[in-house]
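Structure, as structure tokens:
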Amino acid sequence: MYFIDTHTHLYLEEFAHDRQQVVNSALAANVQKMMLPNIDSSSIDGMLGLADQYPDNCLPMIGLHPTSVKDDYLNEIAIVEKWINARKFYAIGECGIDLYWDKEHAVQQEFVFRHHIDLARTHNLPIVVHIRDSFNEVIQILKDENKSDIRGIFHCFSGSVEQAEQAIKYGFSLGLGGVITFKNNKMQETLKHVDLRHLVLETDAPFLAPVPYRGKRNEPSYIPNIAQMVANIKGITLDQVTEATTINAEKLFQLT
Ligand code: NI
């Protein structure tokens with residue numbers, strides 16, 4: 001069984017000098033699928049270039065990242081809509097709410113997120129949701145929308161058991177990344193109470209590298225480090241983690 005990195009921004013300039021090598025390292029580490037969440041109109045060309053170069057391995061999503069929701073958000077939405085009808089995407093993302101970097105556009109962020117939920121329904125795609133300092137806001141929107149046919153991932157989840165249960169109740173999987181390897185992270189305790197069938201693995205490369213690479217550039221070949229930590233915490237084998245998280249991701253993104 002192979003690994004899937006369900007969240008990597010491999011098209012960013014941090015990989016400009018060695019992108020091909022980073023993809024090769026990932027493949028050598030048995031990370032055979034890398035899901036690419038979009039950021040905004042400026043990242044689409046690079047993302048699709050990579051997806052076209054590795055059509056079996058690098059799979060694109062389309063969406064507007066909450067930290068890119070600015071005064072021109074209507075124009076950005078129009079670009080997302082143009083693209084979604086132009087080619088195959090595997091998810092709507094990265095979307096959601098970020099109240100850590102930008103509170104000024106909170107109203108616009110909410111509008112864009114609700115719009116992306118509609119897009120996901122229309123196109124029968126999962127949504128990859130960014131929840132930085134906004135877990136309650138995101139849950140409230142999912143509650144309002146009351147759409148049981150929505151599925152997706154709470155990206156970079158690191159909340160309480162109760163929050164994990166809420167996310168799962170609304171049809172979401174939890175994205176586990178490098179943070180799970182950080183010392184004294186509260187997600188380590190939460191993880192003990194969450195069933196494997198709700199978990200997927202992600203790097204969020206180039207950000208949030210797992211131990212022992214913490215503080216350095218992250219890359220998809222580090223997914224096995226994250227998986228091993230999940231196995232250690234849950235007291236199960238690496239193979240069990242690999243198999244379960246890959247099957248979860250395959251189902252979610254309809255890869256098979
Ligand atoms: Ni991201």
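The values are calculated or read from the model by the stated rules, or taken from the named source; none is laboratory data. Please read these numbers as outputs of a predicted model, since none were measured by experiment. When we count neighbours, we look across all protein chains shown, and the Cβ atoms used for this are built from the backbone with ideal geometry, even at glycine. For accessibility, only protein heavy atoms count, side chains too; no ligands or nucleic acids. Shrake-Rupley method; radii C 1.70, N 1.55, O 1.52, S 1.80 Å.
Please work out which residue is surrounded by the fewest Cβ atoms within 10 Å (Cβ to Cβ), limiting yourself to region 65-88 and to residues that are more than 12 Å from Ser41 (Cα to Cα) and touching a strand residue (DSSP E or B) at 6+ places or on another chain (Cβ under 6 Å). Here the answer is Ile84. Each residue in region 136-154 was checked for being within 16 Å of the ligand (Cβ to nearest atom) and either more than 16 Å from Leu252 (Cβ to Cβ) or open to solvent by 10 Å² or more (accessible area, probe 1.4 Å) (or both), and 1 of them qualify. Of all residues in region 218-239, which are of a type in the set (D, E, K, R) and outside any loop (DSSP other than H, G, I, E, B)? Within region 218-239, Lys234, Asp239 qualify.
Scan region 24-40 residue by residue and report those that are in a helix (DSSP H, G or I) and open to solvent by less than 30 Å² (accessible area, probe 1.4 Å). If you could, list the steps in order and put the result at the bottom.
Quick first cut of region 24-40, residues in a helix (DSSP H, G or I) only: 24-28.
Scanning region 24-40 gives a single hit, Ala26.
Taking region 156-176 as the search range and keeping residues that are among the hydroxyl-bearing types (Ser, Thr, Tyr) and within 16 Å of the chain's Cα centre (by Cα), which one is least open to solvent (accessible area, probe 1.4 Å)? Filtering region 156-176 for residues that are among the hydroxyl-bearing types (Ser, Thr, Tyr) and within 16 Å of the chain's Cα centre (by Cα), the one least open to solvent (accessible area, probe 1.4 Å) comes out as Ser173. Residues that are more than 15 Å from the ligand (Cβ to nearest atom) and surrounded by 18 or more Cβ atoms within 10 Å (Cβ to Cβ) were ranked within region 1-18; the one that is nearest to Gly152 (Cα to Cα) is Ile4. I'd like the full set of residues that are in contact with a strand residue (DSSP E or B) (Cβ under 7 Å, 6 or more places away or on another chain) and either in a helix (DSSP H, G or I) or charged (D, E, K, R) (or both), limited to region 156-203. Correct list: Ala164, Ala167, His198, Glu202.
Conditions (1) β-branched (Val, Ile, Thr); (2) closer than 29 Å to Gln140 by Cβ, marked per residue:
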{"position": "His17", "(1), (2)": "no, no"}
{"position": "Ser25", "(1), (2)": "no, no"}
{"position": "Asn30", "(1), (2)": "no, no"}
{"position": "Pro55", "(1), (2)": "no, no"}
{"position": "Ile62", "(1), (2)": "yes, yes"}
{"position": "Val69", "(1), (2)": "yes, yes"}
{"position": "Lys82", "(1), (2)": "no, no"}
{"position": "Asn85", "(1), (2)": "no, no"}
{"position": "Tyr100", "(1), (2)": "no, yes"}
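Taking the conditions exactly as written (under 21 Å from Tyr11 (Cβ atoms), open to solvent by less than 10 Å² (accessible area, probe 1.4 Å) and at pLDDT 95 or above), does Ala205 satisfy them or not? Yes, satisfied.
Sort through Asp133, Asp102 and tell me the only one that's closer than 23 Å to Gly159 by Cβ, within 16 Å of the ligand (Cβ to nearest atom) and more than 18 Å from the chain's Cα centre (by Cα).
Asp102
Scanning region 41-53 for residues that are assigned to a loop (DSSP other than H, G, I, E, B) and open to solvent by 30 Å² or more (accessible area, probe 1.4 Å) gives Ser41, Ser42.
Within region 15-39, residues that are of a type in the set (Lys, Arg) sit with their Cβ atoms under 6 Å from residues that are open to solvent by less than 60 Å² (accessible area, probe 1.4 Å) and assigned to a strand (DSSP E or B), at 6+ positions apart or across chains, in these pairs: Lys33/Ile4.
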